[in-house]
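Each remark here refers to the structure printed beneath this line.
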Amino acid sequence: MDTTKSQSTPTIQRRTDSNITMASLCYIIPPYLLETSKGSQLQKELAKKNEQMSLLNVVTTDSPYYYNHAKHQESLKTNKFSKDPYLNQIIKDKVIYKLAILGVLGSNPMEMTADNEDYLYLMFNTFKHRFINDTNEKSAKPNLEHESLSESANKLEPSMFLDPKVGEIDVSKLSDGKNLPAEYKKYLHLTLKELILLTDYHKYKYPPSFIDFGKESYFEYPLPISWVPLIPNPYLDYLERKLNLEINNDQGYSSIGLSTGKNPKPNNEFENVDDLVKARYYNFISDKPITSSCGIFYYELEVEQAATDATNFRPITMMNDSSISTNCSLNMAAGFTKRLINFDPSSNNQSLLSLGEVDLEKVKSDIFYNSSSPAGSDTKMFLSSRPGEFPGSVAINFEDSTFYNSIKGSDSIQRTQILNMNRRLNNRTSNDTETGKVDIGIPFKTKLIEDTDTKRVHKTDTIGCGVNFIDKSVFITLNGVLARVLPEEDLNSTDATTDDLFGKEIKDIYPIIGFKVNELETFDATEPTTFKIRSNFGFKSFVFNIQDYVDYFKNQQKKLIDMKLLEIKDDPLVSNELIKRYLIKHGFLETQKSFEKELPDQVVANMPDVSLETIVEGVQHNMNKLAEKDSEFLLASSTIQ
């Protein structure tokens with residue numbers, strides 16, 4: 001549908017052509033949420049912005065109302081250092097003086113950069129990773145026992161990039177007369193490194209929703225719309241430069257893409273490459289947490305990766321040996337994690353994390369702003385854990401089709417330690433659910449769908465992960481079929497002091513996914529090796545019929561409420577006293593006396609008159625309501641006939 005933005009009363013106009021396809025249509029609010037109080041509330045909020053859009057609840061990806069993050073970033077390349085024009089100018093000034101003082105821009109740097117911003121940006125990208133990455137000073141210390149004096153002297157000469165203060169100037173005076181708004185003054189005193197990390201963070205910062213009404217006005221959607229990396233800065237930089245990490249929403253899906261690119265970068269271009277290429281999980285969480293007010297939340301994902309001669313036909317993400325079976329297993333996991341978790345570092349290292357409660361929302365920001373913090377071994381281990389082992393998380397592991405529960409897993413470790421102290425007790429076995437592992441019973445397959453001389457393409461099944469705040473369960477689907485439901489008792493810890501996924505007070509949780517990357521050697525090739533996770537947060541149709549699932553629980557809740565309203569305590573003393581008082585109230589004295597003679601000797605129930613009147617009136621009111629409904633039904637039936 002062709003749409004045009006209007007600042008007064010925005011409307012949606014019909015298209016006269018037939019170019020609309022189902023592939024280009026996206027839901028604004030996931031349809032299954034519309035059946036909940038949360039969805040109804042969101043629809044009312046959308047109607048305040050655009051009534052017609054709230055009625056249709058769809059938008060096309062080529063509509064001017066649809067915000068495409070990748071295209072938005074591309075359109076802002078005129079401001080090459082930042083999408084914000086004021087921040088762009090501040091960083092540009094910092095870069096010019098930094099590179100000039102370091103001698104990178106030649107003998108006349110100001111003249112060279114005056115009319116050649118492309119060259120300045122090229123130099124900036126060349127040295128950017130050296131501005132933000134920390135250098136291990138310990139490795140530069142000489143070993144006088146095994147090295148010559150000349151070798152030691154060379155190692156004692158520090159790099160100019162080691163000290164972040166070298167080349168830093170105060171650009172506040174340069175910004176005078178540029179009408180710099182007051183809120184930007186704080187950026188003038190930041191180092192270039194801090195400013196770079198700030199803009200990198202904004203690259204993964206999304207608007208409240210993908211519905212853009214113009215002038216920075218968006219539909220305020222409170223649930224996840226995309227993924228954000230939860231990766232320590234050195235490893236994130238490696239993923240961006242080596243494998244061209246890209247997160248976008250071009251077709252209504254939230255996709256994570258990796259590619260060797262047209263000009264693959266060799267490993268020797270990276271510092272500390274031995275650490276960078278080690279096998280670890282690269283984790284992503286959603287941009288916003290899920291709140292319990294939504295009742296039920298569900299997402300689906302599938303993975304496709306193409307291996308070419310760019311990596312000697314090795315896929316980007318680890319899989320088991322494809323020569324054993326055509327159905328491979330992927331080193332990947334998906335599930336949910338608590339926003340607030342308890343983390344106890346194993347050492348006294350000062351890191352991004354501290355003892356006590358950790359807020360993942362804050363960790364997301366700190367990863368970018370405080371690049372030196374993630375150098376701590378505790379933090380690296382924490383952020384590189386597999387979902388399901390990641391503290392406070394539960395997840396399905398694609399590799400062995402097993403559901404892992406880190407909360408119960410911690411119980412298992414403590415139990416094992418206790419059992420090891422007693423040989424007699426150690427002979428006892430424990431159930432899988434007690435160890436935090438549950439076999440789903442259905443293999444999650446990664447199939448070879450294309451095999452040619454130039455490319456091998458693998459694709460996974462469609463996996464779905466859902467959380468149900470109504471009965472406090474987690475459910476897993478496979479290719480549209482409900483594969484397993486993990487009830488509350490399987491999720492909760494046996495330790496009363498442990499904060500479970502839902503907890504005594506249900507708190508926010510995030511969807512989480514993670515995968516391992518192969519150690520790859522890259523070569524020039526006609527086609528790159530690629531990897532893509534395509535996730536659906538509800539803005540496209542699901543493979544699984546989530547609507548039926550939601551309707552079932554909605555009906556169950558309705559029945560529960562009806563039963564509560566009709567609930568009568570089956571106490572004979574109270575019932576008999578109620579009947580006697582009812583007969584007296586309406587003048588049936590003879591009947592009341594006969595009724596009393598039939599009753600055995602009983603203690604008279606102590607019921608105040610006020611409660612009797614209330615109960616009688618309530619019963620009478622309900623009977624009248626039922627009579628009205630019966631009359632309506634009979635009238636409707638006679639009309640149809």
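Here, each number is a calculation from the coordinates, and none is a lab measurement. Since this is a predicted model, take the numbers as computed values, not measurements. Glycine also receives a Cβ, built like all others from the backbone with ideal geometry; neighbour counts cover every protein chain displayed.
How much length, in nm to one decimal, is gained on full extension between L56 and S575, taken as 0.36 nm per residue of separation minus their Cα-Cα distance?
181.5 nm
Which far-off residues, 5 or more places away or on another chain, put their amide H under 5 Å from the one on L486, with H placed in the peptide plane?
Sorted by chain and number, the residues that satisfy this are V474, F475, I476.
Would you please give the FRET efficiency between K262 and K564, computed as 1/(1 + (r/R0)^6) with r the Cβ-Cβ distance and R0 = 60 Å, to the nearest 0.05?
Efficiency, from the Cβ-Cβ distance: 0.40.
Starting from 0.36 nm per residue, how many nanometres of slack lie between K71 and D400 once their C-alpha separation is accounted for?
Using 0.36 nm per residue and subtracting the Cα-Cα distance, I get 114.7 nm.
Filter K38/K288; K193/K288; K71/K532 down to the pairs with a C-alpha to C-alpha distance above 25 Å, please.
Pairs exceeding the cut-off: K193/K288.
Using a basic spin-label model with each label point 7 Å from the Cα along Cα→Cβ, how many nm lie between A47 and D118?
Result for the modelled spin labels: 5.3 nm.
Can you sort R339, R130 so the residue with the fewest Cβ neighbours within 10 Å comes first?
Listing R339, R130 from fewest to most nearby Cβ atoms yields R130, R339.
Among L236, L230, L560, what is the fewest-to-most ranking by other Cβ atoms within 10 Å?
With the sparsest Cβ surroundings first, the list reads L560, L236, L230.
Structure shown: which of K338/K507; K94/K242; K48/K205 lie over 18 Å apart, alpha-carbon to alpha-carbon?
In this structure, K94/K242; K48/K205 exceed 18 Å between Cα atoms.
Ranking request for peptides 41-52, 299-310, 453-464: highest mean number of other beta-carbon atoms within 10 Å first, then the rest in descending order.
Ranking, from highest mean packing down: 299-310, 453-464, 41-52.
Local charge sum around T526 (other residues, Cβ-Cβ under 13 Å, Lys/Arg +1, Asp/Glu -1)?
Surrounding charge for T526 is -2.
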